Every structure is written in C-alpha cells, then in structure tokens.
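Here's the structure we're looking at; comments come further down.
The values are calculated or read from the model by the stated rules, or taken from the named source; none is laboratory data. Predicted model only: the values in this text are computed from it and were never measured. Note that we place each Cβ from the backbone using ideal geometry, even for glycine, and neighbour counts take in every protein chain shown.
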Amino acid sequence: MRLPLKDRSNAADIDVEQVKAMVDLFLEKGFTYFDTAWMYNAFASEGCVKEALTSRHPRESYTLATKLHCGFIETEEDRDKIFNAQLEKTGAGYFDYYLIHGIEGEMLEKYERLHCFEWLLEKKKQGLVKHAGFSFHNNQARKPVTSVIGRNRLLLSLFDAKMN
C-alpha cells in the first residue's frame, strides 16, 4: 500500500489525516479490502492502519491483509514476534488474509526451514488468521507453487479443497 507522505524523503512520515479521508471514502463507496505489510512505509504502514482504519471503523466493515517476509526472520521465534507486533500495531484482533510473502528461490527455502507454512496454518486454527496464503513476484510461478504444495500434504489438501 503506497500511502501519502507529508515529507517525500521520509517513507515513515505518513499523512494520516489524508489516509483517514481516503479510508472513509473507500469504505463509503463499498470497498473493503486493505493491504499492508510489516515493512511498508519504513515499518509505519501497520500503525497507520490502526489510526486510520481499525480504531475508527467496526471490525466487520473491512478485510485486512498483511504479510510475513523472510528478510525479517531468522528463527521460528521471530515469526511470532513479528506476528504479535503486527496484531498490536494494526489493532485488528485478527487478520482476514495473512500471506507468506515472496516464495521464490532462497526465500522459499528459508520459509520451509523455519516451518512457516505449518505455523501459519496453526494461526488459522487459533482464529488469528481467517485465510492463509502466499505470494510471489516472479514469472516462474508454477515451480514455487507446486514446490510448496507438493512438499506439504496439509497445504495440498487445503489447496485441493479450494480448487474444487
């Protein structure tokens, strides 16, 4: 989510008042999906979500997506630290969509080594995530998708259930 800035040289200096107006208009026009991530706007985007959206609108009036990026995790404990910080920063209570972000190449290997896919499905079981998913940025999508799903029977069964 690219947010308006007060100072273009400072990605964290979000114009929250303008974002509030944008959020209100967006919801008024019938749109509901908001996307953020831990690292957006120099780690300030999720806090802006709290100020402009979650503290001002009923939870059932919007859907919120955020992501886990492997550039910020080195241990299994890091996943929970970031996830819990995301819940606190956004004030959302739960995430409608939570993505393992960028499953290509070495990033996929790290996610698998740290058991991120199983961890995310556990968050779903706990009711902290409504929809679990992943994203990628390359045009060779078939290989990482089949790699992730093929190596994890639980993900495979979930994928099959969604596709049928």
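If you take the residues of region 23-63 that are outside any helix (DSSP H, G or I) and of a type in the set (Ser, Thr, Tyr), which of them is nearest to the chain's Cα centre (by Cα)? Checking each candidate, the answer is Thr36.
The residues of region 50-103 that are closer than 21 Å to Glu122 by Cβ and of a type in the set (Asp, Glu), listed by number, are Glu74, Glu76, Glu77, Asp78, Asp80, Glu88, Asp96. Candidates are the residues of region 26-79 that are basic (Lys, Arg) and surrounded by 15 or more Cβ atoms within 10 Å (Cβ to Cβ); the one that is farthest from Gly102 (Cα to Cα) is Lys50. Each residue in region 2-22 was checked for being in a loop (DSSP other than H, G, I, E, B) and in contact with a helix residue (DSSP H, G or I) (Cβ under 6 Å, 6 or more places away or on another chain), and 4 of them qualify. Entry remark, region 80-96: residues being surrounded by 15 or more Cβ atoms within 10 Å (Cβ to Cβ) and acidic (Asp, Glu) number 1 in total. Exactly one residue out of Lys162, Lys89 is modelled with pLDDT under 90, in a helix (DSSP H, G or I) and among the basic types (Lys, Arg), and it is Lys162.
Tell me whether region 66-84 contains one or more residues that are touching a strand residue (DSSP E or B) at 6+ places or on another chain (Cβ under 9 Å), free of Cβ contacts under 8 Å to residues at least 60 places away in the same chain, part of a helix (DSSP H, G or I) and polar (S, T, N, Q). Looking through region 66-84, none of the residues is touching a strand residue (DSSP E or B) at 6+ places or on another chain (Cβ under 9 Å), free of Cβ contacts under 8 Å to residues at least 60 places away in the same chain, part of a helix (DSSP H, G or I) and polar (S, T, N, Q). Checked against (1) in contact with a strand residue (DSSP E or B) (Cβ under 7 Å, 6 or more places away or on another chain); (2) modelled with pLDDT of 90 or more; (3) not in a helix (DSSP H, G or I), Gly133 passes all but a single condition, namely (2).
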